[in-house]
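What follows is a short report on a single structure.
The values are calculated or read from the model by the stated rules, or taken from the named source; none is laboratory data. Here the structure is a predicted model, which is why all the values come from computation and not from measurement. Methodologically, a virtual Cβ is constructed for each residue, glycine included, from the backbone with ideal geometry; neighbour enumeration extends over all protein chains shown. Quick note on the areas: whole protein, heavy atoms, side chains included, nothing else; ligands and nucleic acids left out. Shrake-Rupley method; radii C 1.70, N 1.55, O 1.52, S 1.80 Å.
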Amino acid sequence: MTRIPIILDGDPGHDDAIAWVLANASPELDIKAVTTCCGNQTIEKTTYNTQRICTLIGLHVPTAKGRSCPLVSAPIIAPTVHGESGLDGPALPEPDFDLVPMTAVELIAKTLQESDEPVTLVPTGPLTNIAAFLIAHPELKSKVKQISLMGGGVQFGNWTPAAEFNILVDPEAAKIVFESGIPIIMAGLDVTEKALIKPYDFERIRALNNPVAKVVAEWLDFFYQFHTQLGYEGAPVHDAVAVAALIHPEIMDMRDLYVQVETEGDFCKGATVADFLGVTGKAPNAKVIMGIDRDAFADLLVEAAKYYNGEVAK
Ligand code: BDR
Ligand code: CA
């Protein structure tokens, strides 16, 4: 099987962590590097969480810390959703490896330079590192095959009525990414609010009883606790959709659309505005995921958790 080389970039975060559990368990994917960004919590906390997640799941690839703040805007964090640590809930192992002594941008550049084939970027936090990389290394743009990102929403927001968290935190970075000309797969709220993992799925995962599955079930418990107060029937595991889109696009509905990012405004800062009727005359710049087979998505996460039983070969 030809594996898709990818770089994971995120701000874990419960759903980032589950996205990485899925990526690491997927034989279709070849994780070349991991980079961290600030978002759900400070860069110190998301980086420490990254090291603990990678230790738990046995993912030992070059890992680097990203920028401590967005390109222009002041940082926003999300302790109400992910807790003070950025990944509250189950105890995690202490890191068993060191970060590489380079920045996230340098590691992304090095990974692309050394790769024989174009690499797919999978950002599941604010797009700060990706934009900073594109600014610093325009010569490497052709080495990026595509960007499968979690961010935005062409119908509604979650941090403001118009804006989704990842895009709102660093709209200038998002604008650079959407205007880069690199093919984009956008797992925004349009789909991720439908990617609900329900309590009976948590139990299917918990019942596997391996160390990773047990932690994933507890992450889901924690993440669901916040969402249940808002009336959700499950936990929207947003970030895992950006990974699933690479391995099982057939369980999703995608629409080619031209998407612009609003960087200013009293009400719409951070909005991702899609041209549904073609009024701009611009060619689509993103495959926007609008729907998903929820049951198939849940099954995918359960299967991924089985990988950590040690019975599923990669
Ligand atoms: C996004 O914001 C973060 O809290 C999640 O990790 C996800 O990437 C959802 O809006
Ligand atoms: Ca995230």
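Among the residues of the stretch 94-137, how many are open to solvent by less than 10 Å² (accessible area, probe 1.4 Å) and either free of Cβ contacts under 8 Å to residues at least 60 places away in the same chain or touching a helix residue (DSSP H, G or I) at 6+ places or on another chain (Cβ under 8 Å) (or both)? Spell out how you get there, then give the answer.
Here is the first cut: in the stretch 94-137, the ones open to solvent by less than 10 Å² (accessible area, probe 1.4 Å) are 104, 107-109, 112, 119-131, 133.
Now restrict to residues that are either free of Cβ contacts under 8 Å to residues at least 60 places away in the same chain or touching a helix residue (DSSP H, G or I) at 6+ places or on another chain (Cβ under 8 Å) (or both): 104, 108-109, 112, 119-131, 133.
The total comes to 18.
Could you check the stretch 261-314 and list, in sequence order, the residues that are touching a strand residue (DSSP E or B) at 6+ places or on another chain (Cβ under 7 Å), open to solvent by 30 Å² or more (accessible area, probe 1.4 Å) and part of a helix (DSSP H, G or I)?
R294
Filter the stretch 238-256 down to residues that are farther than 14 Å from L149 by Cβ and either among the basic types (K, R) or touching an Asp or Glu at 6+ places or on another chain (Cβ under 7 Å) (or both), then give me how many there are.
Number satisfying all stated conditions: 3.
Tell me whether the stretch 14-26 contains one or more residues that are out of contact with any helix residue (DSSP H, G or I) (no Cβ under 7 Å at 6 or more places or on another chain), of a type outside the set (D, E) and open to solvent by 10 Å² or more (accessible area, probe 1.4 Å). Full working, then the answer.
Going residue by residue through the stretch 14-26, those that are out of contact with any helix residue (DSSP H, G or I) (no Cβ under 7 Å at 6 or more places or on another chain) are none.
No, that holds for no residue.
Sort out which residues of the stretch 204-214 are open to solvent by 10 Å² or more (accessible area, probe 1.4 Å), in contact with a helix residue (DSSP H, G or I) (Cβ under 6 Å, 6 or more places away or on another chain) and in a helix (DSSP H, G or I), and write them in order of number.
Matches in the stretch 204-214: R204, R206.
Select from the stretch 27-47 the residues that are within 16 Å of ligand 1 (Cβ to nearest atom) and not polar (S, T, N, Q) and write down the one among them that is most open to solvent (accessible area, probe 1.4 Å).
Just the residues of the stretch 27-47 that are within 16 Å of ligand 1 (Cβ to nearest atom), to begin with: 34-43, 45-47.
Going one step further and asking which of them are not polar (S, T, N, Q), we end up with 34, 37-39, 43, 45.
Values: V34: 0, C37: 1, C38: 8, G39: 2, I43: 9, K45: 74 Å².
It comes out as K45.
Of (1) outside any helix (DSSP H, G or I); (2) free of Cβ contacts under 8 Å to residues at least 60 places away in the same chain, H227 satisfies all except one. Which?
(1)
What pairs come out if I take residues in the stretch 51-79 that are among the basic types (K, R) and more than 14 Å from ligand 1 (Cβ to nearest atom) and pair them with residues that are at pLDDT below 95 and open to solvent by less than 50 Å² (accessible area, probe 1.4 Å) whose C-beta lies under 8 Å away, six or more apart or interchain?
none
Just give me the residues in the stretch 219-247 being open to solvent by 10 Å² or more (accessible area, probe 1.4 Å), more than 15 Å from ligand 2 (Cβ to nearest atom) and not acidic (D, E), in sequence order.
Y224, Q225, T228, Q229, L230, G231, Y232, L246, I247
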